[in-house]
Structures are given as structure tokens and as C-alpha cells.
1. Mind checking which helices (runs of 4 or more DSSP H) fall wholly inside region A:198-291 and carry at least 3 residues that are free of Cβ contacts under 8 Å to residues at least 60 places away in the same chain, within 29 Å of residue A:365 (Cα to Cα) and out of contact with any Phe, Trp or Tyr (no Cβ under 8 Å at 6 or more places or on another chain)?
2. Checking residue A:428 against (1) touching a residue at least 40 places away in the same chain (Cβ under 8 Å); (2) part of a helix (DSSP H, G or I); (3) more than 8 Å from chain B (Cβ to nearest Cβ); (4) not small (Gly, Ala, Ser), only one condition comes out false. Which one?
3. Given the criterion of a type in the set (Val, Ile, Thr), surrounded by 10 or more Cβ atoms within 10 Å (Cβ to Cβ) and in a loop (DSSP other than H, G, I, E, B), identify the matching residue among B:272, B:277, B:223.
4. Scanning region A:207-264 for residues that are in contact with an Asp or Glu (Cβ under 7 Å, 6 or more places away or on another chain) and farther than 20 Å from residue A:303 by Cα, which turns out farthest from the other protein chains (Cβ to nearest Cβ)?
5. Assess whether residue A:400 counts as being over 27 Å from residue A:349 (Cα atoms), in contact with a strand residue (DSSP E or B) (Cβ under 9 Å, 6 or more places away or on another chain) and within 11 Å of chain B (Cβ to nearest Cβ).
6. Please determine whether any residue of region A:374-384 is in a helix (DSSP H, G or I) and surrounded by fewer than 24 Cβ atoms within 10 Å (Cβ to Cβ).
7. What is the one condition in (1) over 26 Å from residue B:161 (Cα atoms); (2) without any contact (Cβ under 8 Å) to a residue 24 or more places away in the chain that residue A:400 does not satisfy?
8. If the Cβ limit is 7 Å and pairs must be 6+ apart or interchain, which residue in region B:207-229 that is without any contact (Cβ under 8 Å) to a residue 40 or more places away in the chain pairs with which residue that is of a type outside the set (Ser, Thr, Tyr) and part of a helix (DSSP H, G or I)?
Amino acid sequence: MSDPTGSSIGMLAQVQITPSLPTPSKPEPQAAPATSTGGFSINPSLPGSTPTQQVNPTRTPQLPGGSPSITPSLPGTTTAPTATPPETPVVEESGIGFSEVFIAIIAVALIMLFVRRRSGRLSADMRLTKFVRRNGVAISIYLLTFTTGWIIFMIALPQLYMFDFSFRHNLLPMEIGGPKDVYTLKNYNYLLFGREGGDELLNWLHLEVFFKTIIASVIVTVLNFLLCYPLAFFMAQMVKGRGQRLLFLCLLLPFWVNEILRAFAFKLIFAELGLVNTLLVGLGILDQPYDFLGANVALYTGLTYAYILLMIFPLYNAIESLDHNQIEAARDMGASWLKIHLRVVMPHAKPGIASGCTMVFMLTAGALAAPNILGGPSSLWFTQIIYQWYNTGGNWPQGAAYAFVLLLSCIIFVRIMMRVFKVSLGDIAQR
Amino acid sequence: MTSNQIRAWVMRGYIALFFLYLFGPLLIMSASAFNQSSYPTITPWEGFTVEWFHELAQNDRLVSGFVNSVWIGLGVVALSVPTALAGAIMLMQVSDRVRPWYYTIVVSPVLVPGVIIGISTVIFWERFGSLVGLEYETTNNPFFLTIVGQSTFISAYCMLVFIARLQRFDKTQEEAALDLGATHTQVFWKILIPFLRPAILSSIVLAFLTSFENYNTTVFTMVARGTLTTELAGLARFGVNPSISALAVVIMGLTLIFAVIYEIKKRREEAVVEASVKRAAMKRRQDTAAAAHGAA
């Protein structure tokens, strides 16, 4: 499709400081941490677009301080009048706005409630009366307000709306609800095939990042498990009392330090003139400093480090509940050391293993800070692309589509873990 | 050497390496805060200095980010702890048929990546505000968005803390109080809340700390403003100044102090418990002895 969003996306490595920024593009310190797309901006701007289209009051919140926000780099991304070509897959002819979707969701919820009520043995208002009688009026109101508020406005609607939003064009606020506000698959198409009429068959640039993120997350999870399992076993079965508490304290201490600082520590170590390179060159192992940051060695080490606790605690809890006599019995009957672990300890610790691995995988795949700080200049993490669509790219629907793909893969991963390890969601989330 | 001894040595070596991996990077970073080199590193060592600590105190953006972080942390505590409490109590009361569904929904934010919570919160409130006709600044205020976005999943964390505690709650206490004529509100405040006190305290700490160090969600919801963590990330990314190492030293120093206080307190508590257990055991022995004596 000839959407301007696609115009420059092919070049991740290209630094694009767009000439037509709507807000003064003076060096803006506030924006530095966020817009720090450095050498790999995916600023999908169309240089030729007129600046008048870019004033987007809703998307670029101007703060009272008058400081230009991060988002204003919306140059040209906002759909130009000619930018909704007829060939984009159009699902609906008339505009379906946020309000319609919102009302539809509420209506479906009400209908479901009604159906439930007719089919249920105990009618809904009987149940409500019982609930109120049990808790008293004030407490009932408190319970209902907070839980429904949480579930509807914080969990369900934002996710549903993000899903809806990912099927929309990137429009100006005044166009929303207008004739151009129609559903489209172009955001998902873009992830798969790139911009229409592009040179490549598939959008390898982004697909590669996606698969690399997933595979790297799996590798980090496995490394983490191998690293943590022996210690968890040691803590759960081999030490008791003061020694155990000291180990716990030592484990917890580093994790009081901010995640960003922990990642930064690895940057120091693996930097070009950092400790590792100095040592290796000094010892004569390397002739010249090796680019550990560029090769993502620092990133993987840092990511493994970041989520150690989330692996070790579920493992510890699961192994701790194993009766030590079982290990003794297996040993007495001549089981080898390896067999004891594979046949006795690990099957018992299955929920813990599932929980630890799932948490670590999710957090690694969803990590943004560590890749931002430790990632090499030429490599991206999938979350970084989402952030760039949101931030420098200024294309929120595109970002929503990418975010939804990430969410979907995470759900699939959790389902696989639940199936393979035969555990419930509660076992996984319990930490 | 027997194979057992070898295994013990391997284990020791492994634990040593593990903790080297855990503490090594932090120690190196701390050391770099005192190096005169203008780039944060310990090699080459150019001499001792505390200059970077002065520079840290003069970094206005870090200071204002810190203030923002504190306000957001307090807001998150105020929103997520009551939400989590309500969510946990509801879980105990919903019917068995609904419970698995309810649990899946409220626990799902724990597993959803923070990036997704961030972007969906921003997108939703932008539209929702205009739908119900609120001022743009109300629903798109970075502080509002950040507090709501973070509370989405922090409430779920805290709820898990409450559930763990509520599972040990003796329902008969509640019934006894109601039988004795207490109102529901009284039962809530005089029985349930005191019972949950430790869980409330730990979830307040958990909520504040999680909020304080969150990056993934905050970086979306703070729009153009920054918290300490997002400001730090900007500095760490370009990493050209050792004052960030100096900040790490400050944080680690505070951590160490808190950890030591916590440990001492815990030890003292344990000593008290042990003493009372011993006393009870001794008393029981005396009682049985007396009873035996009486019987004789």
C-alpha cells in the first residue's frame, strides 16, 4: 500500500532526523531517554509531507511547561489525505468510532449477564442481595466499585481497545469518526509483507527481529534455568537455618538495585574499554577489544541476570516441599545422581519449573530497558520497535498491531507451558 | 578424594561463581563511581575522586524525576492496595463456577508484558476521555496515566499477597462477631483489616518499590515527562558520565542499611518466638509433672 508510513521503513540503520518537525526541534533534554533511537531510528516519515498535517493536538500532548513532548515527531506519518488508498482491505464502509465499539462491548456484557441470569439456578439479583447481606452495604459498594473498575477500565477495555485500534488507520483527531475511520488489515500486513510495492517479498527486517526476540528469550530462559536449578536445589534441600537465610539475603540484595542500574553495570563490564576487554587483551587472549555489546553478549548476560530471582524462588518453593527421604530412598536403591534429579526432583518441581520458566520468558520477551541499554546498535528487540512506532514513528495503530502480536505470542507460550507441564494458570502466576 | 567430596567442591565452586556473577557487576559499577576517569570504568584507574557525587546532586532532571517517582509511587499505593484487597476478597466470595474465570482475568496483568499495558493504557484513555467529554488534560495527564497503567499489574501482585494471607483466615471469627451484634462494617474494620495488617504493609512496600523501578510501562505513560527510572535509562543508554555509578552507590548503600536492619529485626523476633516456645514447653512440662504428682 502506498501509505507514507512505509516510505522509509526499509532502513533501520538510517538516522532520520526529519526536517519537518511540527514542534521546535531544539535539543530537548526531556526527550533524550525516550527518543534515544540513536543509530537505528525507524522514523517512518515522509519528507515531502506538508507540515500543516502534523499538528495533532490529541496525540502530542503539550505540557504546561511548553516543553515539546516526545511524541511530536509525527512528521508526515499521519495519514495524508491521499494516503488511504482504495486498495487497502476495507472491512467497513462507514466509520465505526470508539463510542460504537465501547457501546458494543457494554451491550455484549449486559446480554451475557442477562443470559446467565436466565440460565442460572440462582438469579443474579438474589445473588447480589446475598452478597450485600453478607458484606454490608458500604463494604459491598467498595468491593464492587474497585473490582469492576479494575477489571473493566484497567484490564479488559484497554486490551480490547488496543485490539480494535490495531485495525485502524493512523488518522488525525479530526478525522476520527469520519469517513476515513474504517477498519483495515494494513498494520498486520505491514509486519508480514512490509510496505506495498517494496522490494522484498516479506518484511524480513521486522519478522527477523520478532523471531530473534522469541528465540533469544527461549535461550535466556534455558540458561537461566540451568544456572538457577542447582542453587535452588542446594538451598531447598542441603542447607538449613542461618546459612539458608544468608543465601536468601545475598540473593535478594542485588535486586533492590534498580533494573536500569543493573543493566548499566553490564555495560561497564563489556564496554570497549571495560574490564573484560582490558583483561582479555592484557592477558594476550585477544589482540584488540572485542565488541561484546554489538554481539549482544552483554544483552544476553544482562537479561539472564535481570530475572534470576523470578526463576529461583518458584524453583526453591517447589523443591523445598519434596520430602528429603525420597531422595535418600532413590539413592539407596542405587539411582545415579543424574537420575535422582531427572526422575525424582524435577517431576516433583514441575509447577515451579513451569512458573519460573514462564515468568522469565515473558519478562525477557517483553523487556525494554535492558535492550535499550545493552543492545548493539544494529540489533533490535521487538519491544523496541513497538516503542518506536509509538514514539518516534508516531503511528499508534501500527504500534498497537505489533503489541498485539507480542501479546498473542505470549498467550500462546503460556498455553504451551500449561499444556506441557500440566499446570494451571494459578500455579504459574503464584510467585 | 571420594566422589562425594569432589561433588561438594564442585558445588562450592558453583556457588562462589554464582555470587560472583551476582555481585561482581555491582561492585565494579560502585568502584567506577570513585574513578577520576570521565567515562564510567575501572580500567584504567586514574585516581580516587568524589566529584561524581557532587555532579549527581546537581543533576536537576534526576532530582525532579525522583520527585515524580515518589508521587507516582504514592498514587499507585493509594490505588492498587485497595483494589488488590477488593479483588482478593471478591475471589473468596464469587461462586465456584465463576472463580476460575475471574482468577484468570485478574491475574493476567502479571503475565502481560509491561510494554503492552503501557501502550494500551495510553490508547484507551486518550479515546475514553474524549468519549465521555472530559478535558484532554484530565485523562492524558502523564501522572494519571502512569498511576493507572502501573496499578493494572501492581494490583495483581498485591492481590496475590492478600490471597496468600486470606487463605489462612478463620471465618468463624467473622461469624462470631456478627452473632455478637457487630455490623458488617465493624467486622471489616475490626477483624478482617487487623488480620490482614501484615499483608497490607508488605503490599504497600511491594507496590511502592515496583512502581518506583518500573520502566516498561512508565516510558509509555509518562509521555514527555520522566521518572527517576526513565531518566536513568536515558543516562545509562549514552552512559558517558560516572555520576550514574555514583547514584548506584547511593542506592546500594541504602539497600544494605535496610537489609541489615531487616535482618536484625527478624533475628530479634525469632529470638522472642523461640523464647516463648521454650517457656511454653517448660510450662507444659511443669504442668504435666504437677498433674502426675497430683495423680500420684
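1. Answer list for region A:198-291: A:204-233, A:242-252, A:259-270.
2. With respect to (1) touching a residue at least 40 places away in the same chain (Cβ under 8 Å); (2) part of a helix (DSSP H, G or I); (3) more than 8 Å from chain B (Cβ to nearest Cβ); (4) not small (Gly, Ala, Ser), residue A:428 is out only on (3).
3. B:223
4. If we take residues in region A:207-264 being in contact with an Asp or Glu (Cβ under 7 Å, 6 or more places away or on another chain) and farther than 20 Å from residue A:303 by Cα, then A:236 is farthest from the other protein chains (Cβ to nearest Cβ).
5. yes
6. Looking through region A:374-384, at least one residue is in a helix (DSSP H, G or I) and surrounded by fewer than 24 Cβ atoms within 10 Å (Cβ to Cβ).
7. (2)
8. The qualifying pairs are B:213/A:259.
The values are calculated or read from the model by the stated rules, or taken from the named source; none is laboratory data. Predicted, not measured: the structure shown is a model, and the values here were computed from it. Backbone-built Cβ (ideal geometry, glycine too); neighbour counts: all protein chains shown.
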